[in-house]
Structure formats: C-alpha cells, structure tokens
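A quick write-up on the structure given underneath.
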Amino acid sequence: MPYAVTPDKVKLYYEETGHGTPIVFVHEFAGDHRSWEGQMREFGKRYRCIAYSARGYTPSDVPPDAKDYSYLHVMRDCVAVLDHLKLDSAHIIGLSMGGYTALQTALNHPQRVRSMVLAGAGSGSIRAETAEFHKSSQALSEKFLREGSKAVADTYGLGPSRVPFLVKDPRGFAEFAKHLAEHDAVGSANTSRGFQGARPSLYDFEAEIVNLTTPALIVVGDEDERCIEPSLFLKRTLSSSGLVMMPKTGHLVNLEEPDLFNQVVGDFLARVDAGRWPVRDPRSLQTK
C-alpha cells in the first residue's frame, strides 16, 4: 500500500491514477479517499489524480490523541502528500473538511496550490452557529466512542444537508452510508473533537483571505443551508473566485451530482491552466 508520512510520523494512505498536471482530492468528515472515485475516474483521463485518506481514516494511521487532529495538523498532512509525491504545486479539490483544508493550505503555502475547489465549505462558520457547531461536534465524538460508527452512520448520515442525496439517489446514498459505517470509531471521534469541534470560523481568516489570489472555484448545494452564506462570504472575499450553486442539492455535491460537478470543475481547471481565470475586475464591483 502506498503511504505518505507526515512530519509527526503519521502514515497517510493514498491512491493515484493518470498522468499530467496533478490534482489532490481532500475528503469531508464523513467520507474518505473512496468519496472521490467518480472524480478519479473522470479527471484521471487527463490529469495525475491523487486521493488520500486523512489521519484517523483507515488505511491511514489513527493517532490515539485528539490533540493530534487540529486543523493545522490536517493542513500539514495535505502538504506532506505533496512533498511525498514531489509535487511543487497541484490543483487541490476539497469537500467540506477538505475544502477548509484546501483553503488553509493556500493561506499557509500559496506557492503549493495551483488552484483550489472549495465545495460545501464553511459548516459552523456563521458567527451565530459556531459555538453550537463545536458543541455538537464534541457530542458526536462521544457518540462515536460510545456507540460506534454504524450507529453514527444511521443518524449523522441522515443529517438535514445529506437528506437530498438520499431522496435523489438512494443507491448512491447507501454506498456513502456503508463507507461511513466502516470508519474507525476512534479516528472519527478524534477528528470530530480535534478538527470539527475546535477549528476557527472561516470568517476569522478574512484579513488573510482577502489578500489571497489563488484561483478558486466555490461550489455549494442550494439545500446545504449551513454552507450557503459562508460560500457567499468566500466569493466576496477571494478576488480570484467563481461561485457555482447546484440546484436541489445538499452537502455531498460531488456524489449527488457527479456529472455536473465534473463539468464545472473541469471547465475551471482548463481555464486556470490556460491562464484564463483572472482576479475580479474592480469595474465589476458594486460601489453604491
């Protein structure tokens, strides 16, 4: 099995396919490297594609202490994958937790990020929701340890922003839920406590984000209510960003609408690689 090793000696399992300009896929809290299969198959036809499982998600290592799961640890893990594969830079495509990580990688290592796709990013970032998001993430951590991943898949997996996937594609949702039920309970508990339950709001990084010129595509489902306003915030704040809102779609945009997701992301990547994704022209800004 191929592994990248992080500075703190955590082994991260990854898979890759294809040749050409590299893309690194970073999964969400309830996913793992398998969540990107539909993108690996499509973009692997013309890019070098890498999908890895975060720390705490087997076959990657599962550190036993939640303090080793901060958003900075997870960001450094993404850089460790780039380093292991000797990639000077890559397109980084992330969903939810992965979108947060892609943004953090660009903020801390902008030269390593050729472009970023921030999909379903920003849960818990709205100021009025952050404290409750942290509290519920801590409680979810306890549930993983007390009841196991299968019980969590039966409840958390049916959260409001995931119901649209069930309604739209029961077979696809069943596969997602099966994978979630297979997650290591300790790893998921530690991720829920150390990352989800402690990460700052996206709004806390506004001063840094406004200076970032990395090409960005923001993707959000119109039924992913926690992420709509944060996505609008990112669009307003990132000068080189575009925004796509997918209709009748919840949080799992790449799984719910793989063809549409691949289409809009493919167009974005092609424009970036052609040098045709500029910063916003100030003449287009509303001044009054």
Subject >> CD proxy at 222 nm, helix term only [per DSSP H run n ≥ 4: -39500 (n - 2.57); per residue of the chain; nearest 500] >> reply: -12500 deg cm²/dmol
Original post:
Roughly what % of Cα-Cα distances in region 32-176 sit above 20 Å, to the whole percent?
Top reply: 56 percent
Original post:
At each listed q (0.16, 0.24, 0.25, 0.26 Å⁻¹), what is the log10 of I(q)/I(0) that the Debye formula gives for region 200-288 modelled as equal alpha-carbon point scatterers?
Top reply: -0.72, -1.25, -1.28, -1.29
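Holding the Cα-Cα limit at 20 Å, pick out from 11/135; 67/135; 67/178 the pairs that are longer than that. Show your work: numbers first, answer last.
Details: 11/135 29 Å; 67/135 17 Å; 67/178 28 Å.
Violating the 20 Å limit, Cα to Cα: 11/135; 67/178.
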Original post:
In whole Å, how far is the Cα centre of region 91-149 from that of region 166-191?
Top reply: 17 Å
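Between residue 83 and residue 273, what FRET efficiency comes out of the Förster formula 1/(1 + (r/R0)^6) with R0 = 22 Å and r the beta carbon distance, rounded to 0.05?
Details: r = 22 Å, r/R0 = 1.02.
Once rounded, the FRET efficiency stands at 0.45.
Order 94-103, 259-268 from most to least packed using the mean count of other Cβ atoms within 10 Å. Let's see the in-between values first.
Numbers: 94-103: 28.1, 259-268: 17.2.
Going from most to least packed, we get 94-103, 259-268.
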**OP:** Would you please put 238-244, 34-40, 131-137, 121-127 in order of how densely packed they are, using the mean number of other Cβ atoms within 10 angstrom per residue and starting with the highest?
**Re:** 121-127, 34-40, 238-244, 131-137
Original post:
Counting DSSP beta bridges in the chain, what percent are antiparallel, to the nearest 5?
Top reply: 20 percent
Original post:
Could you state the per residue volume, in Å³, of the convex hull enclosing the Cα atoms of the chain?
Top reply: 122 Å³
Original post:
Distance in nm between label sites at residue 145 and residue 243, each 7 Å beyond Cα in the beta-carbon direction?
Top reply: 3.9 nm
**OP:** Work out the charge dipole of region 129-270 with +1 on the Cβ of Lys and Arg and -1 on the Cβ of Asp and Glu about the Cα centre, then indicate which of 232, 265, 201 is farthest towards its positive end.
**Re:** 201
Subject >> Overall Cα dimensions of region 94-253, principal axis frame, Å, largest first >> reply: 44, 32, 31
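Rounded if a/c is under 1.5, else prolate if a/b is larger than b/c, else oblate: which is region 223-273, with a ≥ b ≥ c the root eigenvalues of its Cα gyration tensor?
Numbers: a/c = 3.01, a/b = 1.05, b/c = 2.88.
Oblate, since a/c reaches 1.5 and b/c is not below a/b.
Can you give the % of DSSP beta bridges in region 5-100 that are antiparallel, to the nearest 5?
Counting only bridges with both partners in region 5-100, antiparallel ones make up about 35 percent.
No value in this document is a laboratory result; all are computed from the given coordinates. Small disclaimer: the values here were computed from a predicted structure and weren't measured. Heads up, the Cβs are rebuilt from the backbone with ideal geometry, glycines too, and the neighbour counts pull from every protein chain shown.
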